[in-house]
Amino acid sequence: MSEPTITTPQLEIARATATEQSLKDLFIDGYRWMLLARTLEDKIASLYHAGKIVGGVYLGRGQEAFSTALGMSLQHGRDIFAPLIRDQSGRLAFGEPLLDATRTYLGSVRGPMRGRDGNIHRGRPAEGIPAMISHLGAMISVVTGMLLGRRFRGIEGQVGAATIGDGGTSTGAFHEGMNTAAIEKLPLVIAAANNQYAYSTPNTSQFACADLADRAIGYGVEPHRVDGVDLYECLRVFSLAVERAREGHGPQLVVGKLLRLSGHGEHDDGSYVSKNLKDSLLGRDCIEVAQQRMINEEWATAVDLKAWEEEAREKVREAVSCAQQEPKPDPFSERWVNLASAWLIEGSSSHA
């Protein structure tokens with residue numbers, strides 16, 4: 001895919017001062033990141049079911065608009081982005097190479113985790129993408145700490161973003177990180193994707209408040225609500241939230257209402273999701289919603305959509321083929337140890 005036309009969207013400014021062409025380009029860029037992520041994850045799921053991938057596979061199907069908008073609203077090389085298991089589209093939009101995903105899933109030593117860890121735990125901390133911690137809620141505290149560290153070093157004007165699901169907002173780490181960020185007035189943006197289920201536990205068994213965004217008020221955090229299926233609205237709201245954080249207004253909580261369009265992972269068929277919920281507005285496919293808007297606005301034709309789909313498939317084919325041909329870790333030459341300070345390991349003289 002060619003580089004996005006607008007890498008850091010300011011949708012409100014664009015609406016007021018820019019041309020219709022800039023809005024069109026911004027939206028198309030977002031759609032193409034969504035499409036690339038969906039195409040990649042469909043391929044990853046296929047490889048998993050064929051026994052080519054070890055470990056779990058967790059898809060972001062249905063959450064691409066929400067995740068992409070956050071990734072596009074941040075500045076790669078300047079800001080911090082801590083994605084979770086359903087943020088492939090946000091990773092790509094933020095600037096993570098497509099090869100990072102295929103190399104990690106397929107165990108290549110040339111990937112960011114050098115074949116040592118599978119699926120979604122990858123990261124590049126030096127580039128502002130901390131490696132994900134599976135204990136949900138923990139990344140809120142990690143990004144809060146990173147922002148404090150940068151403040152101590154006198155670095156200003158940066159934003160840190162962390163994603164979480166509805167279930168993760170009930171963890172202690174979420175509340176502790178959010179509370180600390182609010183007290184310190186840190187430029188933190190928390191993107192909470194309310195996909196209606198924490199694995200198979202519905203919202204009604206998770207929290208008693210009417211809206212997850214209401215939780216922000218008790219901490220002194222600014223809340224934002226958005227239709228997480230609508231790319232245009234997600235771009236608008238995240239652009240505003242990131243700008244508010246960057247300007248010194250403290251943490252922002254963005255809650256997107258949507259529905260996970262797959263099971264918790266590829267090992268789960270999601271049969272617990274009711275048909276009524278699937279048939280509701282929450283069950284719309286954000287890819288199809290974006291396509292319809294582009295057609296209605298005359299921003300794209302059926303020919304354009306077909307061409308972008310083929311381009312995405314070709315890029316995924318190339319990335320998968322490349323990763324499949326690369327070497328896997330060699331246990332006889334691997335010097336990795338499970339502590340950063342190797343000399344602390346009893347009986348080991350390794351300084352790897």
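When Gly30 is tested against (1) modelled with pLDDT of 60 or more; (2) part of a loop (DSSP other than H, G, I, E, B), just one condition goes unmet, and that condition is (2).
Restricting region 99-109 to residues that are of a type outside the set (Ser, Thr, Tyr), closer than 21 Å to His49 by Cβ and out of contact with any Pro (no Cβ under 8 Å at 6 or more places or on another chain) leaves a set whose member that is surrounded by the most Cβ atoms within 10 Å (Cβ to Cβ) is Ala101. Screening the candidates Gly218, Gly177, Gly157 for the property of being at positive phi and out of contact with any strand residue (DSSP E or B) (no Cβ under 7 Å at 6 or more places or on another chain) yields one hit, Gly157.
Checking each residue in region 294-304 for being surrounded by fewer than 16 Cβ atoms within 10 Å (Cβ to Cβ) and either among the hydrophobic types (A, V, I, L, M, F, W, C) or within 19 Å of Glu64 (Cα to Cα) (or both) picks out Ile295, Ala302, Val303.
Failed condition for Glu298, given (1) out of contact with any Ser or Thr (no Cβ under 8 Å at 6 or more places or on another chain); (2) not in a loop (DSSP other than H, G, I, E, B), with all others met? Single failed check for Glu298: (2). The residues listed here are Glu96, Glu64; of these, the one that is under 28 Å from Gly283 (Cβ atoms) and of a type in the set (Asp, Glu) is Glu64. For region 247-288, the set of residues classified as of a type in the set (Lys, Arg) and either without any contact (Cβ under 8 Å) to a residue 60 or more places away in the chain or surrounded by fewer than 20 Cβ atoms within 10 Å (Cβ to Cβ) (or both) consists of Lys275, Lys278, Arg284, listed by residue number.
Within region 213-230, one or more residues are over 28 Å from Lys278 (Cα atoms) and assigned to a loop (DSSP other than H, G, I, E, B).
Against the criterion of being surrounded by fewer than 24 Cβ atoms within 10 Å (Cβ to Cβ), under 14 Å from the mean Cα position of the chain (by Cα) and under 24 Å from Gln206 (Cα atoms), Leu136 qualifies. Quick check on region 110-133: of everything there that is part of a loop (DSSP other than H, G, I, E, B) and in contact (Cβ under 8 Å) with a residue 60 or more places away in the chain, which residue is surrounded by the fewest Cβ atoms within 10 Å (Cβ to Cβ)? Per the criteria, the residue is Arg110. For first residues located in region 75-94 and closer than 13 Å to Glu41 by Cα, partners that are hydrophobic (A, V, I, L, M, F, W, C) and surrounded by fewer than 21 Cβ atoms within 10 Å (Cβ to Cβ) and lie 6+ apart or on another chain with Cβ distances below 8 Å do not occur.
When region 315-352 is filtered for residues that are surrounded by 13 or more Cβ atoms within 10 Å (Cβ to Cβ), at pLDDT 85 or above and either over 25 Å from Ile44 (Cβ atoms) or of a type in the set (S, T, N, Q) (or both), only Gln324 remains.
The values are calculated or read from the model by the stated rules, or taken from the named source; none is laboratory data. Quick caveat: nothing in here was measured; it's all calculated off a predicted structure. Positions of Cβ are backbone-derived with ideal geometry, glycine not excepted, and every protein chain shown enters the neighbour counts.
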